[in-house]
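Written out below as structure tokens is the structure these notes cover.
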Amino acid sequence: MYNFTFHRPTTVRQAAGLLARNPDGKLLAGGHSLLPVMKQRLAQPSALVDLSLVEGMTGVELKGRSVVIGAMTRHADVANSQVLKDVMPGLAAVPGSIGDPQVRNRGTIGGSIANNDPNADYPAACLGLGATIITNKRRIAADDFFTGMFSTALEEGEIIVKVSFPVAKKAAYEKFKHPASGFALVGVFVSKRGPDIRVAVTGAGSNGVFRVKSFEEALKKRFSPKSIEGMSIPATGMNADIHASPEYRAHLVAVLARRALAKAND
Amino acid sequence: MSATGIGAPVRRKEDFRFITGQGQYTDDVTRPGETRAVFVRSPHAHAKIKSIDVGAAKKMPGVIDVLTGAQLATDKIGNLICGWMIHSKDGSPMKMSAHPALAATKVNCVGDAVAVVIAETIAQGKDAAEKVKVDYEVLTAVVDPAKAQAKGAPQIHPDIPNNTIYQWHLGEKKDVDAAFAAAKHVTKLDIVNNRLVPNAMEPRAALADYDAGTDNLTLWNTSQNPHVARLVISAFIGMAPEHKLRVIAPDVGGGFGSKIFIYPEEVVCLWASRRVKRPVKWTSDRSEAFLTDAHGRDHVTHAEMALDANGKILALRARTIANLGAYMSTFSSSVPTYLYATLLSGQYNIPSIYCEVDAVYTNTAPVDAYRGAGRPEATFVVERLVEVAARQMGIDPADLRRRNFITAFPHQTPVIMAYDGGDYNASLKKAMEMADVKGFAKRKREAARNGKLRGMGYSTYIEACGIAPSQAVGSLGAGVGLWESAEVRVNPTGSVEVLTGSHAHGQGHETTFAQLVSERLGIPFENVSIVHGDTDKVQFGMGTYGSRSGAVGMSAIVKALDKIEIKAKKVAAFMLEAAEGDIEFKDGKFTVAGTDKSAAFGDVALNAYIAHKFTGAELEPGLKETSFYDPTNFTFPAGCHICELDVDIETGKVDIVNWTAVDDFGTIINPMIVEGQVHGGIAQGVGQALMEGAYYDAAGQLVTGSMMDYTMPRAHDLPSFHVGLTETKSPSNPLGMKGCGEAGAIASPAAVINAITDAIGTENIAMPATASAVWTALQKLQAPKAA
Ligand SMILES: Cc1cc2nc3c(=O)[nH]c(=O)nc-3n(C[C@H](O)[C@H](O)[C@H](O)COP(=O)(O)OP(=O)(O)OC[C@H]3O[C@@H](n4cnc5c(N)ncnc54)[C@H](O)[C@@H]3O)c2cc1C
């Protein structure tokens, strides 16, 4: 790790100010994506702006027909939130599937979304529910937020403060774990909120998280695994590595979508 | 059986300090004025070093020195060596390349060290290492061993054509060819035994301390055999005379073979400490470990088995290319030869066997012994062939095995080994009962209803352990003898210290060895300490690998205890005023036969030291004995593992639902520890079969260079194991022990692959059989059979 200066602001404004004064600085949330690359000397931020003392950035709250989660809320706290388990257990299952206890007790939703790892779980939930990412500057729809692997619509110095998820009547996540890392080799989030049907896929696409419009269309008739029986997506644009071929990933998307639908209807 | 004697499931003495964080590993040892070594490693798999400029690095803060291979040569530090000579078919000796601890002119794999920074802190060392300018001329790399032998392949070492180290063979080709020509049935298989990264929990480390006052060097390191390390570093590398070099291997957190070998880093730390006149420490990080620990396995094999119409095996032949990586590691040459081909008879009466092995250099990390070393590769060949032959011939796989089991002992195989005892039918029968083979068809039907293909696979394995009779291995090329030493020191108060040449790095010797002493001397288990891992304390020893610590290490202790008894009886005779021949020793008490006169062990120990009851002319005071035990044969642990698993038809994911292991390890000292060894071994074997695999890309970059890409087995990947034992004593050592450390890793890969291929109805599938690979195999079959 290279040397850096360490800051611990207590308000979002202070944090934004520190970032503005340290153009090579980085926000630090749970550190479980950022610190490993710093330790390997692959990242060299001149300053770290630690968000852990910033007020009002943690917690899971039901606000009307939405669940609002503070950006600094740890994966374990989201997974164990009784509020969330009551209204939308399908979303609580997403952080519950992340990593191991150490990772879940440190990693945050804001860090995960800002990082947008192509194999991360939260992006599928955000896209699969049509969440709104609330920053210190604006509100961004999930459909506009994830712009490619490790890339988002966040601007220089922009801070995610909260994420708002509309409560869907039916929602479920099905994850096929990467054998080594435990991230999603493929993960599929499905939801139905009135007429709005979403199928979002993480892990598979070489361009990060994406929606499967053909499945969504087919599910309009009936939100059931039967409606997409026999359907598949093309292997083009799928990731290829030693752990899975593009064909296998494409195949898993359909299998996991059907399983998620069955779970959502349970 | 006493509560702490032989056969008792005593809790491990050493665990208290390990699980409370009080173990003393090499990295925990600190010396005043300690510096840190940071290695500059090649990012290229194959390149010429045109120049190295250390000027800028030397000026960095906290830097004490920056050293290169050129200086190493000037200081006449010798090359690393491989200590087992193998001769090719044509009689020529193996071709061992130069292996300097720091590459000076050429790098041959990613991670090859080219320079070392000695700095006050690791961070300063890393900063400086980035400033070392190495000018490389990148050369084409070759990572595939078959391609490395081909015409026009890049030449890795200047004097070694076709990158071929040796072309070795064993057995009578003529007999085998004749048997094949006459055979009714021939089964053929192409097998890849995948390359594995050992991943011991504690990474390798070295701390070297040069004492300018005495000119002595001390090395703390993560070694499975500190005396062998001292011998090699002294005699071959020429670092210091043996008596001026002390090697201490304190607590060591797992080895699995990878810590047997002498590595460049410890040589460099010793050399650097003498140069900078300060202690020098290096602790590998996990990324370095992936690149530089010796890897395991990596065989490509074509194997064939000939059978008659009744399923009687007539002959076996195998042709293997073994990838030994960029350099020959310390014992690498022996693994794909005498530890491999000699086990190709399995548990079967096979009249003729012929095996050819080419060992090859590639631009990859060196490959050497890894848990099982050669024997897992042999077992995989034999057990896959037997299983496939049975299916092809329509014979039940268990039945085909039974028809061929060796039942009379001793049995001379056509590949050197003389099996001295065992009962293969007994372990198969017991395993089949425990695994409820009878109920399998019903369970398979039930699984099919849930979209699962259920399969069952056997592995009736054998291994040669208790390594090894010195004269025998000497005749096969070993540069060392493989006996073991023990020294038993009885203190005046009757407590006992045993100094052993075995080395524990997870095996629990402090417990099992104490159980032996407690049983034999009739003294409390708590009164026994086991001392190991320090060349200043233990005079010499060969260390721990090849499941040898019980069969060889404990046998040496038995021999020393025999001598203790003889001497103690002499002391007791003076104390009890009886003839030496009338003294009997039992349950910690010396008695005069036919009388009620007795003396406790502790009193006799005290009398041995105060020496009031005898004169110096009659008897030497003291009670301390030494023994060197050289085994008369290998031991032959054997058994049967049965794997039952489900394949998810939709995803190809394999779930092991039931695992049965019935092993014959001979005498068991501590059944709890033995069970733990079996569990760990199976986990490693399942890891190899389903998950692990080291991959290099064509340019020689390690793709699986971290835990994010290299799949280690986790607890949730494994079922609860059903472990059972059968027991036939080894006739080749005093305790009748056979060894248990490697069995699980040797037996299990074949059981898994036999079960998967049974489930999906293919003949073969490569390891690791990941979900993706199994699904792909399923797609190739027209209609997956679901019932
Ligand atoms: C062993 C291991 C296993 C893992 N397994 C999984 C898994 O199965 N699934 C999965 O999805 N993830 C997994 N992760 C990643 C984990 O969830 C991370 O914690 C997460 O991706 C990043 O969150 P963080 O809070 O740790 O962010 P940090 O590492 O602190 O930050 C990540 C990035 O986000 C930026 N950032 C942080 N907070 C904000 C904010 N509020 N606004 C704007 N930018 C911000 C940082 O500047 C940095 O660039 C794993 C990680 C590890 C180490």
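The values are calculated or read from the model by the stated rules, or taken from the named source; none is laboratory data. Treat the numbers as computed from the prediction; the structure is a model and nothing was measured. Here the Cβ is made from the backbone with ideal geometry for all residues, glycine too, and neighbour counts use every protein chain on show. Accessible surface areas use protein heavy atoms only, side chains included; no ligands, DNA or RNA. Shrake-Rupley method; radii C 1.70, N 1.55, O 1.52, S 1.80 Å.
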* To do: Can you bin region B:324-456 into rounded, prolate or oblate? Criterion: square roots of the alpha carbon gyration tensor eigenvalues sorted a ≥ b ≥ c, rounded for a/c under 1.5, prolate for a/b above b/c, oblate for the rest.
  => oblate
* For chain B, what proportion of DSSP beta bridges, expressed in % and rounded to the nearest 5, is antiparallel? -> 80 percent
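Counting other Cβ atoms within 10 Å, keep those with at most 12, restrict to DSSP loop, and tell me which GluC sites (Glu not before Pro) in region B:519-628 are left. Write down the numbers at each step before the final one.
Details: sites: B:Glu519, B:Glu526, B:Glu565, B:Glu577, B:Glu580, B:Glu584, B:Glu618, B:Glu625; in loops: B:Glu577, B:Glu618.
Qualifying residues, ordered by number: B:Glu577, B:Glu618.
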* Heavy-atom accessible area, 1.4 Å probe, ligands and nucleic acids excluded: residues of region B:747-783 down by at least 40 Å² from chain alone -> B:Ser772, B:Trp775
* Send over a whole-number figure in Å² for the accessible area per residue of the protein assembly as shown, probe 1.4 Å. => 37 Å²
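Which loop trypsin sites (Lys or Arg not before Pro) in region B:477-556, with loop taken from DSSP, have no more than 12 other Cβ atoms within 10 angstrom of their Cβ? Before the final figure, lay out the partial values.
On the way: sites: B:Arg489, B:Arg520, B:Lys537, B:Arg548; in loops: B:Lys537, B:Arg548.
Qualifying residues, ordered by number: none.
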* Would you mind computing the Rg to Rh ratio of chain A from its alpha-carbon coordinates, Kirkwood style for Rh? => 0.97
* Specify the longest stretch of chain A that does not include any exposed loop site, a site being one of the GluC sites (Glu not before Pro) with a non-H, G, I, E, B DSSP assignment and at most 12 other Cβ atoms within 10 Å. => A:56-154
* At what distance in nm do the modelled label points of B:Gln471 and B:Ile160 sit from each other, each positioned 7 Å from its Cα along Cα→Cβ? -> 3.4 nm
* Asked: How many percent of Cα pairs in region B:483-629 exceed 19 Å?
  -> 51 percent
* How far is the Cα center of region B:157-211 from the Cα center of region B:691-721, in Å? -> 21 Å
* Structure fact -> Dipole check, the protein assembly as shown, charges on Cβ (K,R +1; D,E -1), about Cα centroid: among B:Ala560, B:Gly700, B:Ala431 the Cα furthest to the positive pole belongs to B:Gly700
* Note the full-extension length gain between B:Ala579 and B:Met201 as 0.36 nm times their separation in residues minus their Cα-Cα distance, in nm to one decimal. => 130.5 nm
* Report the one residue of A:Ala29, B:His722, B:Gly685 whose Cα lies farthest in the direction of the positive end of the charge dipole of the protein assembly as shown (charges on C-beta: Lys and Arg +1, Asp and Glu -1; origin at the Cα centre). => A:Ala29
* Over the alpha-carbon set of region A:1-53, work out the extent along each principal axis and list the three values in angstrom, largest first. => 31, 20, 12
* Percent of Cα-Cα pairs per 5 Å bin, from 0 to the last occupied bin, for region B:600-713, please list those. => 2, 7, 10, 11, 10, 9, 9, 9, 7, 5, 5, 5, 5, 4, 2, 1, 0
* Going by the alpha-carbon gyration tensor, a ≥ b ≥ c the square roots of its eigenvalues, is chain B rounded (a/c under 1.5) or, if a/c is not under 1.5, prolate (a/b greater than b/c) versus oblate? -> oblate
* Structure fact -> Label model pair A:Lys39, B:Ala150: point-to-point distance (7 angstrom along the Cα→beta-carbon line) in nm is 4.1 nm
* Gap separating the Cα centres of region B:401-468 and region B:567-588, nearest whole Å -> 50 Å
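In debye, nearest 20, what is the charge dipole magnitude of chain A about its Cα centre with +1 on Lys and Arg Cβ and -1 on Asp and Glu Cβ, if you could check? List each step's numbers first, then the result.
On the way: 33 positive and 22 negative charges, 129 e Å.
For this selection, approximately 620 debye.
If you average the sequence gap of Cα pairs under 8 Å that are 6 or more apart and divide by the length of chain B, what percent do you get for the contact order?
On the way: 2000 pairs, mean separation 123.3, N = 787.
Reported relative contact order: 16 percent.
Given a 1.4 angstrom probe, I'd like the percentage of the accessible area of region B:159-229 that is carbon and sulfur, rounded to a whole number. Intermediate results must be reported in sequence, preceding the final value.
Values: 1360 of 2670 Å².
About 51 percent, which is the carbon plus sulfur part of the accessible surface.
Ranking request for peptides A:5-15, B:199-209: highest mean number of other beta-carbon atoms within 10 Å first, then the rest in descending order. Walk me through the intermediate numbers first.
Details: A:5-15: 15.3, B:199-209: 21.7.
Highest mean packing first, the order is B:199-209, A:5-15.
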* **Two-site label geometry, B:Ala181 and B:His722: point separation in nm, points 7 Å out along Cα→Cβ** => 4.8 nm
* **Qualifying trypsin sites (Lys or Arg not before Pro) in region B:1-79, DSSP loop, other Cβ atoms within 10 Å at most 14** => B:Arg11, B:Lys59, B:Lys76
* Shielded residues, region A:165-181 - accessible-area loss of 20 Å² or more between chain alone and all protein chains, probe 1.4 Å -> A:Phe176, A:Pro179, A:Ala180, A:Ser181
* To do: Find out how many positive minus negative residues lie around A:Ser97, taking Lys and Arg as positive, Asp and Glu as negative, among other residues whose Cβ is under 12 Å from that of A:Ser97.
  => 0
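Taking only C-alpha pairs under 8 Å that are 6+ residues apart, what is the relative contact order of region B:570-612 in percent? Please report the intermediate quantities before stating the final value.
Numbers: 45 pairs, mean separation 14.2, N = 43.
Relative contact order of region B:570-612: 33 percent.
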* Structure fact -> P(r) over all Cα-Cα pairs of the protein assembly as shown, 10 Å bins from 0 to the longest distance, whole percent per bin, short to long, reads 2, 10, 17, 20, 20, 16, 10, 4, 1, 0, 0
* Structure fact -> Applied in sequence order to region B:695-703, the curve 6.51 cos²θ - 1.76 cosθ + 1.60 (Karplus, θ = phi - 60°) yields integer Hz couplings, x standing for Gly and Pro, of 10, 10, 7, 4, 7, x, 7, 6, 6
* Structure fact -> Neighbours of B:Gly506 by Cβ distance under 12 Å: Lys/Arg at +1, Asp/Glu at -1, summed charge -2
* To do: Run down the lysines and flag those whose C-alpha is under 23 Å from the C-alpha of B:Lys567, throwing out any fewer than 8 positions away in its chain.
  => B:Lys537, B:Lys559, B:Lys586, B:Lys589, B:Lys597, B:Lys613, B:Lys624
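Would you mind telling me the share, in percent, of accessible area of region B:483-629 contributed by carbon and sulfur at probe 1.4 angstrom? List each step's numbers first, then the result.
Working: 2690 of 5630 Å².
Carbon and sulfur atoms account for 48 percent of the accessible area of region B:483-629.
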* What list of ³J(HN,Hα) values in whole Hz, one per residue of region B:170-187 in order, does the Karplus curve 6.51 cos²θ - 1.76 cosθ + 1.60 (θ = phi - 60°) give from phi, with Gly and Pro shown as x? -> 8, x, 9, 4, 4, 4, 5, 4, 5, 5, 5, 4, 8, 6, 7, 9, 10, 10
* Asked: What's the center-to-center distance, using Cα atoms, between region B:650-675 and region A:63-95 in Å?
  -> 41 Å
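For chain A, with all protein chains present and a 1.4 Å probe, just round the carbon and sulfur fraction of the accessible area to a whole percent. Write out the running numbers ahead of the final one.
Numbers: 5830 of 11490 Å².
So the carbon and sulfur contribution to the accessible surface is 51 percent.
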* Asked: How high is the relative contact order of region A:1-53, in percent, counting Cα pairs under 8 Å that sit 6 or more residues apart?
  -> 58 percent
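Only Lys, Arg, Asp and Glu count, each charged at its Cβ (+1, +1, -1, -1), so figure out the dipole size of the protein assembly as shown about its Cα centre, rounded to 20 debye.
Numbers: 110 positive and 108 negative charges, 670 e Å.
Dipole about the Cα centre, nearest 20: 3220 debye.
Using only protein heavy atoms and a 1.4 angstrom probe, determine the accessible area buried between A and B, summed over both sides, in Å² to the nearest 100. If you can, show how the numbers build up before the last one.
Numbers: alone 12340 and 28630 Å², together 39280 Å².
The A and B chains share an interface burying roughly 1700 Å².
Local charge sum around B:His411 (other residues, Cβ-Cβ under 13 Å, Lys/Arg +1, Asp/Glu -1)? Mind dumping the intermediate values first?
Details: positive: none; negative: B:Asp420, B:Asp423.
After counting each charged neighbour, the total is -2.
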* Share antiparallel - DSSP beta bridges, region B:483-629, percent rounded to 5 -> 80 percent
* Structure fact -> With the charge dipole of the protein assembly as shown built from beta-carbon charges (+1 for Lys and Arg, -1 for Asp and Glu) about the Cα centre, the Cα from B:Ile237, A:Leu127, B:Gly23 projecting farthest to the positive end belongs to A:Leu127
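Calculate the dipole size of region A:1-53 relative to its Cα centre from +1 charges on Lys and Arg beta carbons and -1 charges on Asp and Glu beta carbons; express the result in debye to the nearest 20. Don't skip to the answer; put the middle values down first.
Details: 6 positive and 2 negative charges, 4 e Å.
Once rounded to the nearest 20, the dipole reads 20 debye.
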* **Residues in region B:650-667 that, when all protein chains are in place, have 40 Å² or more less accessible area than the chain alone would give (probe 1.4 Å)** => B:Glu650, B:Thr651
* **Whole-Hz ³J(HN,Hα) from phi, Karplus 6.51 cos²θ - 1.76 cosθ + 1.60, for region B:491-496, glycine and proline x** => 7, x, 8, x, 7, 10
